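Scroll down for the structure; my scribbles are underneath it.
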C-alpha cells in the first residue's frame, strides 16, 4: 500500500527498488528515497516525492533538488 509519509518516490525510467539520495540546495538537507512508482507525467518534473520525503527535505512547494 502507498504510504504518503514514507520515503519513496516516482520516476519515469529508474528501476523499481533503486535508491536515490536527494539534497535540497536551499538548506543542505538530504534524504534517501526508494523508487516504487512511475511518473511524474508533468513536463519539467523529473521525480515525484511522497509527503514524508518532501518534509524530510523541508520542501513546501515544487523546487529543484540535487539527485545523487
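Every read-out reported here was derived from the displayed coordinates using simple, explicitly stated rules and does not represent laboratory data. Please read these numbers as outputs of a predicted model, since none were measured by experiment. Note that we place each Cβ from the backbone using ideal geometry, even for glycine, and neighbour counts take in every protein chain shown.
Exactly one condition in (1) surrounded by fewer than 14 Cβ atoms within 10 Å (Cβ to Cβ); (2) outside any loop (DSSP other than H, G, I, E, B) is not met by residue 45; state its number.
Only one criterion in (1) surrounded by fewer than 14 Cβ atoms within 10 Å (Cβ to Cβ); (2) outside any loop (DSSP other than H, G, I, E, B) is unmet by residue 45, namely (2).
Looking at the stretch 35-57 only, could you name the residues that are out of contact with any strand residue (DSSP E or B) (no Cβ under 6 Å at 6 or more places or on another chain) and within 14 Å of residue 7 (Cβ to Cβ)?
51, 52, 54, 55
In the stretch 48-68, which residue that is buried (at least 19 other Cβ atoms within 10 Å of the Cβ) and under 13 Å from residue 20 (Cα atoms) is nearest to the chain's Cα centre (by Cα)?
Across the stretch 48-68, the extreme among qualifying residues is 49.
Name the residue that is farthest from residue 56 (Cα to Cα), counting only residues in the stretch 16-34 that are without any contact (Cβ under 8 Å) to a residue 24 or more places away in the chain, touching a strand residue (DSSP E or B) at 6+ places or on another chain (Cβ under 7 Å) and not in a strand (DSSP E or B).
Filtering the stretch 16-34 for residues that are without any contact (Cβ under 8 Å) to a residue 24 or more places away in the chain, touching a strand residue (DSSP E or B) at 6+ places or on another chain (Cβ under 7 Å) and not in a strand (DSSP E or B), the one farthest from residue 56 (Cα to Cα) comes out as 16.
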